[in-house]
Amino acid sequence: MINNSILHSCHKEGFSEDEAYGAYKIFFGTLTSESRLRIINLLRAGRRNVSEIIDELDADQTAVSHDLARLKECGFVNVEIDGKYRYYSLNDETIMPLMGLIDKHMAKNCIHILRLRERRE
């Protein structure tokens, strides 16, 4: 059953309950990209501009820009313009606490799966 606040938002925007699952897919799809997860984890330590993200992750500028656009579109990051730089930071209200919950869950329920997969290979 979908949460009432999500249903209300969907209905307000003219979407049905079935279509609301599309929003879930977009949200969780954002978390399936390793490069976006790396950016999220980097931003947990504080705001960064694009050049800093590229340097610290040794990543391609185009890929980082695309990832940041997706993270911004889905509300994972906030953007602050300071002079000629755009600084990105995690959404403190929702994403920071969510990442803490994910860390706790992974430590308890998921990390051991890496060992199982290692044995299968």
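Tabulated results
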quantity: Principal axis dimensions, largest first and in whole angstrom, of region 34-120 by Cα; calculated: 50, 29, 20
quantity: Qualifying GluC sites (Glu not before Pro) in region 38-103, DSSP loop, other Cβ atoms within 10 Å at most 13; calculated: 93
quantity: Whole-number percent relative contact order across region 54-119, with pairs defined as alpha carbons under 8 Å at least 6 apart; calculated: 15
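Every read-out reported here was derived from the displayed coordinates using simple, explicitly stated rules and does not represent laboratory data. Since we're looking at a predicted model, the values are computed, not measured. A quick note on method: Cβ atoms are made from the backbone with ideal geometry, for glycine too, and the neighbour counts reach across all protein chains shown.
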